[in-house]
Amino acid sequence: MPALHDVDYTLEYPYTRTTGPVIGPFLTGLRDGRILGQRCGSRVLCPPMEFDPDTAATLEPDLVEVGPGGEVVNWTWVAEPSAKHPFDRPFGFAFIKLDGAETALVHAVDTGGDAGAMSTGMRVRAQFRAERHGSIADVYFVPEADAVEQVIEPGEEPVTITEHLISLRVNEPLYPHRARFAQGLLDGKIIGQRSPVTGKVYVPGRGYDNMSRVLLDESDEVEVSDAGTVVAFTELNPVQYYGQTETEPYVRCSILFDGTDQPVIGIDIRDMTVDEMRVGMRMRCVWRDPEDRSVADIDNRYGNVPETVYARFEPTGEPDVPAEELKEHSW
Amino acid sequence: MTQPMQPPEDVAIVAFAQTPSYACFNDSEPAMIMPCVNSVIEQTGMDRHDIDFTIAGSCDYLSGLPFAFVMNIDAVGAWPPVYESHVEMDGAWALFEGFVRLQSGDIDTVLVSGSGKCSPGSYREGFSLQTDPYVHAPIGLDPRTQAGFQAQALIAAGKATERDFAEVVARSHANAKANPYAQLSGDLLVGDLLAEPYLQQPLRRHDCPPTSDGAGAMIIARADKARELCDNPVWIRAIDHRIESHHPTLRDLTDSPSVRLAAERVGLHHGPVDVAELTVTYSPEEIILREALGLDEATSVNPSGGPLTGSPFMAVGLTRVIELARAIANGDGGRGVAHASSGPALQQNLLCVLEGDS
């Protein structure tokens, strides 16, 4: 039996946020090659804030340019950068008190990978990236002696929205019961788990019976029929949300395989229209040829009986099961 | 001087359970939680549906699944439907909500759980999303970096040295030898530790937590019910949560004013502090917490080994309460404090004072 794939996927949420009266000008300034602080009484705050950090009193927007030079007042060296850091080689993160500001900004200092170049009290200077989007990542810092003069072309419209793509990579083995289920599909079998408490058969199994709170393992697994009954269906008209790959309407149904107590949801039907579907209709799986089957899309969370293992589901021609008998399973 | 909180309802821990701290638990989060839930139900002899309220703490970003916390309900026995809640926080905050819920006096029992799997993803990337979304998160400002700042600040202020950090690590690993749930343990020499390379200067790898998966659960109950369910309940005398700015540059990283205030609010020194189970995720934090809590040699700090020897995020704070409850139930102390932390560099702190049956 060949080893199954690890689960490796990236969870993404695209966030957009309004910037408001203080952060907006600050981010606009970064895009335009300037760093702005906010006046707070006799002090200047950078990063700027809409409120007095001591009293929480609202501050009227009153921005003043600070930097581009500053002093490191605290630092730490990142030997192993994360994928989200500004540099992919070792660098320093520092508290930087910009000239003209009384509070410090946290940002990255690039010393070309030399931790020995970092020290409290060192002078640094802002450098702006060639591509700027109105983000704190438009800027970074270098030791003052390494700074180069830059001519920054200001943008046009003020920055009123930020975009932040949250992107988290998940990498783990298939859980043992998921691996056995996926291997079953490659072998043209649908494997379920039978609860020793209730006798109910779940497909796919989840490694436990959540009704009786017992863990299930290989000894609880059974092969079930690849024929069953449609218990629910709908037509999907794909909305073009972020990450959508479908463009045309199609039918998605749930099938209660014979000998099981839980329908398999998300079975997609491409060769029948929604008008041809009925609750109670008997269907069977027509498997792809073994060499054409893939379970690559099965992970530990998603993926039941995917289109990559079947050619189609076809009506068996048997009489329909009365819908009344399926009430418990209409999902 | 503020007066310690006086909860109107006496509340006790009547059952607790935890998983080992796993380097990788190769199954689902519900499958990890379920044995803990079953254990605490069995300890009390209750029927699942006699438990009045259920609350969990976990983090969907760690699981890498939207609404992962809903799937976790599979583990707590939620059919027929139960009265249930969730916090996107460590399970210690679920305990806090459960404790507050009992104060209203209309229900008797709460099932609390906390769980987290750090192994599938990158906690540094996930938890950088706790920071300010405009000026910190876009540059990936991660908890380890913020711990590095805190360590550097301590050194710069003359309050600690790298040797002090290494001593915390050596002590933690030695204590963990007696803890069957610990992921790391052993006898380490401070000199050897100091010879290791920096990971996050001035921190070395051992100053940082291991990658861990794990869960914990407990049942808490009002006084009469607690005595009915348990021969030696452990009483929650007080609980308090305080926070500081999410801008690290506005804080004095060498101190923890929020811990000091919480300690005052829970009346920490109105009695002996025999045991302290502290969320020391990075070794310098123990130095700050000892000082802010005003602990001296009379207090045994992290006899379990603490998070440096096993750190399943979102369960690790609740696990401190569990470890303290176990120590008190075993007679290793009569009174103690458990500390949970959230946010980077001890930004948020929760204290919970436990006392044995008297």
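Selection within segment A:195-230: residues that are open to solvent by less than 20 Å² (accessible area, probe 1.4 Å), more than 11 Å from A:Thr260 (Cβ to Cβ) and not small (Gly, Ala, Ser). The member of this set that is nearest to the other protein chains (Cβ to nearest Cβ) is A:Tyr208. If you go through segment A:103-128 and keep only what is within 12 Å of chain B (Cβ to nearest Cβ), hydroxyl-bearing (Ser, Thr, Tyr) and over 15 Å from A:Val66 (Cα atoms), you end up with A:Ser119, A:Thr120.
Count of segment B:11-69 residues, restricted to those that are more than 9 Å from chain A (Cβ to nearest Cβ) and in a loop (DSSP other than H, G, I, E, B), is 13.
Do you know which residues across segment B:329-358 are in contact (Cβ under 8 Å) with a residue 24 or more places away in the chain, more than 19 Å from B:Phe127 (Cα to Cα) and outside any strand (DSSP E or B)? Once the filter is applied, which keeps residues that are in contact (Cβ under 8 Å) with a residue 24 or more places away in the chain, more than 19 Å from B:Phe127 (Cα to Cα) and outside any strand (DSSP E or B), segment B:329-358 yields B:Ala329, B:Gly331, B:Asp332, B:Gly333, B:Gly334, B:Gly356, B:Asp357, B:Ser358. Among the residues of segment A:315-329, just one is part of a loop (DSSP other than H, G, I, E, B), of a type outside the set (Asp, Glu) and either open to solvent by 80 Å² or more (accessible area, probe 1.4 Å) or not assigned by TED's automatic domain parsing to the domain that holds A:Gln262 (or both), namely A:Pro319. Of the residues making up segment A:176-194, those that are surrounded by 15 or more Cβ atoms within 10 Å (Cβ to Cβ), touching a residue at least 40 places away in the same chain (Cβ under 8 Å) and within 14 Å of another protein chain (Cβ to nearest Cβ) are A:His177, A:Arg178, A:Ala179, A:Arg180, A:Phe181.
Taking B:Ala147, is it among the hydrophobic types (A, V, I, L, M, F, W, C) and part of a helix (DSSP H, G or I)? Spelling it out, B:Ala147 is indeed among the hydrophobic types (A, V, I, L, M, F, W, C) and part of a helix (DSSP H, G or I).
Within segment B:204-234, the residues that satisfy the criterion of being outside any loop (DSSP other than H, G, I, E, B) and open to solvent by 10 Å² or more (accessible area, probe 1.4 Å) are B:Arg204, B:Arg205, B:His206, B:Arg222, B:Ala223, B:Asp224, B:Lys225, B:Arg227, B:Glu228, B:Leu229. Number of residues in segment A:1-21 that are more than 10 Å from chain B (Cβ to nearest Cβ) and over 30 Å from B:Ser122 (Cα atoms): the value is 2.
Take the conditions over 25 Å from A:Tyr9 (Cα atoms), open to solvent by 80 Å² or more (accessible area, probe 1.4 Å) and either touching an Asp or Glu at 6+ places or on another chain (Cβ under 8 Å) or of a type in the set (Asp, Glu) (or both) and apply them to A:Arg284. Does it pass? Spelling it out, A:Arg284 is indeed over 25 Å from A:Tyr9 (Cα atoms), open to solvent by 80 Å² or more (accessible area, probe 1.4 Å) and either touching an Asp or Glu at 6+ places or on another chain (Cβ under 8 Å) or of a type in the set (Asp, Glu) (or both).
Would a scan of segment B:11-20 turn up a residue that is closer than 21 Å to A:Arg301 by Cβ, touching a strand residue (DSSP E or B) at 6+ places or on another chain (Cβ under 9 Å), modelled with pLDDT of 90 or more and not assigned by TED's automatic domain parsing to the domain that holds B:Gly310? The answer is yes; a qualifying residue exists.
Please go through segment A:88-97 and pick out each residue that is more than 10 Å from every other protein chain (Cβ to nearest Cβ) and either in contact (Cβ under 8 Å) with a residue 40 or more places away in the chain or of a type in the set (Lys, Arg) (or both). Answer for segment A:88-97, where residues must be more than 10 Å from every other protein chain (Cβ to nearest Cβ) and either in contact (Cβ under 8 Å) with a residue 40 or more places away in the chain or of a type in the set (Lys, Arg) (or both): just A:Arg89. Count of segment B:166-203 residues, restricted to those that are assigned to a helix (DSSP H, G or I) and among the hydrophobic types (A, V, I, L, M, F, W, C), is 9. Residue count for segment A:129-159 under the criterion of being away from chain B (no Cβ under 14 Å), touching a strand residue (DSSP E or B) at 6+ places or on another chain (Cβ under 8 Å) and open to solvent by less than 80 Å² (accessible area, probe 1.4 Å): the result is 6.
Among the residues of segment B:264-287, the ones that are surrounded by fewer than 24 Cβ atoms within 10 Å (Cβ to Cβ), assigned to a helix (DSSP H, G or I) and of a type outside the set (D, E, K, R) come to 3 in all. Quick one: is B:Glu291 of a type in the set (Asp, Glu), under 26 Å from B:Pro20 (Cβ atoms) and open to solvent by 10 Å² or more (accessible area, probe 1.4 Å)? It is false that B:Glu291 is of a type in the set (Asp, Glu), under 26 Å from B:Pro20 (Cβ atoms) and open to solvent by 10 Å² or more (accessible area, probe 1.4 Å).
The set of residues from segment B:28-60 being without any contact (Cβ under 8 Å) to a residue 60 or more places away in the chain and buried (at least 22 other Cβ atoms within 10 Å of the Cβ) comprises B:Ser28, B:Pro30, B:Met34, B:Thr54, B:Ile55, B:Ala56.
Candidates in segment B:120-140 are the residues that are assigned to a helix (DSSP H, G or I) and more than 7 Å from every other protein chain (Cβ to nearest Cβ); of these, the one that is surrounded by the fewest Cβ atoms within 10 Å (Cβ to Cβ) is B:Gln130. Return yes or no: is A:Gly100 at pLDDT 95 or above, touching a helix residue (DSSP H, G or I) at 6+ places or on another chain (Cβ under 9 Å) and away from every other protein chain (no Cβ under 13 Å)? Against the criterion (at pLDDT 95 or above, touching a helix residue (DSSP H, G or I) at 6+ places or on another chain (Cβ under 9 Å) and away from every other protein chain (no Cβ under 13 Å)), A:Gly100 does not qualify.
Against the conditions (1) more than 18 Å from A:Glu65 (Cβ to Cβ); (2) within 11 Å of another protein chain (Cβ to nearest Cβ); (3) outside any strand (DSSP E or B), A:Pro48 satisfies every one except (1).
The values are calculated or read from the model by the stated rules, or taken from the named source; none is laboratory data. Just so we're clear, the structure is a prediction, and the values are computed from it rather than from any experiment. Backbone-built Cβ (ideal geometry, glycine too); neighbour counts: all protein chains shown. Surface accessibility is based on the protein's heavy atoms, side chains included, excluding ligands, DNA and RNA. Shrake-Rupley method; radii C 1.70, N 1.55, O 1.52, S 1.80 Å.
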